[in-house]
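Heads up, the thing below is written out as structure tokens.
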Amino acid sequence: MSIDRVLVVGVGFMGHGIAQAAAVAGRTVLVHEPDIARATAGRERIAANLTRLVDKGRLDATERDAILARIEVLADLDELPPVDLAVEAAPEDAALKAGVLARVDAVLPSDAILATNTSSISIDGLAAAIGETRRPRFLGLHFFSPVPIMPLVEIVHGSATDPATLEAARGFAESLGKRTVASADRPGFIVNRMLMPFLAEAIRILEEGTATAEDIDAGAKLGLNHPMGPLELADFIGLDVCLGVMRVLEADLGPAYAPPATLVGLVEAGHLGRKSGRGFHAYG
């Protein structure tokens with residue numbers, strides 16, 4: 001199946017990056033938010049990203065303009081033209097995602113693939129929000145942030161996902177220059193199943209007073225050869241996002257995966273990491 005026209009619903013932190021990557025790869029991309037101003041802002045963010053590449057000499061201005069010309073804001077989902085793939089990129093909340101998926105399913109062509117960018121929520125659980133005839137063409141496409149730079153896409157197949165859908169999604173992701181890994185529908189999939197316990201243990205080391213945040217991060221970077229320390233990484237991902245994923249793991253796998261109290265406290269205080277200016281570290 002050829003995927004030439006893509007709809008991205010939710011053009012925030014993740015969605016605008018997905019739309020940018022698809023347009024750079026030559027796809028026609030429609031972006032949608034219930035609030036058209038947010039969709040327009042997402043497209044403008046892509047324009048700013050591309051302009052920075054032009055300023056650095058990594059992209060030609062003519063090419064930038066051609067990429068932007070392939071991205072169109074769709075004001076009304078009921079006016080959706082034919083597309084081959086729709087990617088839901090709403091915030092990581094099961095009820096919110098289910099509502100968006102049901103709305104998109106209702107307007108998608110019958111043969112189109114529907115994907116969710118969830119990083120932890122069950123694919124089969126979300127599939128309950130869409131029609132049975134769509135479920136063979138429904139799966140998870142978990143991009144990593146920042147999408148234009150990070151090379152991995154985690155493809156998550158539910159119990160009803162057709163193998164042809166999985167292969168079409170893999171081909172699409174690889175055409176964007178991504179490496180793909182496939183996961184069954186299990187809590188945390190592959191990456192977050194490994195990552196979140198690691199981040200949680202680093203937070204517990206901090207809680208216990210074993211070491212400072214700076215030394216914990218230095219230990220991981222210099223002792224484990226990680227490019228970023230675990231507390232820096234949590235701040236980069238967003239502490240609210242980390243907390244949400246840990247709660248999914250706790251619910252599915254038990255109390256051993258419960259989020260540390262320090263993480264809960266920071267999120268409740270509004271300290272979400274880089275995006276709020278403060279998390280485990282302070283940011284200017």
Checked segment 6-64 for anything surrounded by fewer than 23 Cβ atoms within 10 Å (Cβ to Cβ) and polar (S, T, N, Q); matches are THR28, THR40, ASN49, THR51, THR62
Restricting to segment 148-194, and then to whatever is surrounded by fewer than 17 Cβ atoms within 10 Å (Cβ to Cβ) and polar (S, T, N, Q), can you tell me which residue is nearest to GLY244 (Cα to Cα)?
SER159
With the condition being under 23 Å from PRO109 (Cβ atoms), I'd like the helices (runs of 4 or more DSSP H) fully within segment 11-90 carrying at least 3 qualifying residues.
15-24
Taking only segment 260-277 into account, find how many residues are on the phi < 0 side of the Ramachandran plot, within 22 Å of the chain's Cα centre (by Cα) and not in a helix (DSSP H, G or I).
2
Take ILE67 and decide whether it is more than 19 Å from the chain's Cα centre (by Cα), surrounded by fewer than 15 Cβ atoms within 10 Å (Cβ to Cβ) and either on the phi < 0 side of the Ramachandran plot or free of Cβ contacts under 8 Å to residues at least 60 places away in the same chain (or both).
no
How many residues are assigned to a helix (DSSP H, G or I) and closer than 18 Å to LEU233 by Cα if we restrict to segment 145-198?
8
Mind counting the residues in segment 210-242 that are of a type in the set (A, V, I, L, M), out of contact with any Ser or Thr (no Cβ under 8 Å at 6 or more places or on another chain) and closer than 15 Å to ARG274 by Cβ?
6
Can you tell me which residue within segment 111-141, out of those that are among the β-branched types (Val, Ile, Thr) and not in a loop (DSSP other than H, G, I, E, B), is nearest to VAL6 (Cα to Cα)?
ILE113
Qualifying residues in segment 261-274 (those that are surrounded by fewer than 20 Cβ atoms within 10 Å (Cβ to Cβ) and touching a residue at least 24 places away in the same chain (Cβ under 8 Å)) - the one farthest from GLY244 (Cα to Cα)
ARG274
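In segment 24-44, what residues are in contact with a strand residue (DSSP E or B) (Cβ under 7 Å, 6 or more places away or on another chain) and among the hydrophobic types (A, V, I, L, M, F, W, C)? Lay out the reasoning, then the answer.
Within segment 24-44, the subset in contact with a strand residue (DSSP E or B) (Cβ under 7 Å, 6 or more places away or on another chain) is 27-32, 36, 39-40, 42-43.
Once the filter is applied, which keeps residues that are in contact with a strand residue (DSSP E or B) (Cβ under 7 Å, 6 or more places away or on another chain) and among the hydrophobic types (A, V, I, L, M, F, W, C), segment 24-44 yields VAL29, LEU30, VAL31, ILE36, ALA39.
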Pairing a residue in segment 225-253 that is in contact (Cβ under 8 Å) with a residue 60 or more places away in the chain with any residue that is part of a helix (DSSP H, G or I) and not basic (Lys, Arg), where Cβ atoms lie under 7 Å and the two sit 6 or more apart in sequence or on different chains, gives VAL245/ASN192; VAL245/MET196; LEU249/MET196; LEU249/TYR257
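All of the numbers you see were taken from the coordinates with simple rules; none came from a lab. Note that the coordinates shown come from a computational prediction; the quantities given were computed from them, not determined experimentally. Please note: Cβ atoms are built from the backbone with ideal geometry, for glycine as well, and neighbour counts cover all protein chains shown.
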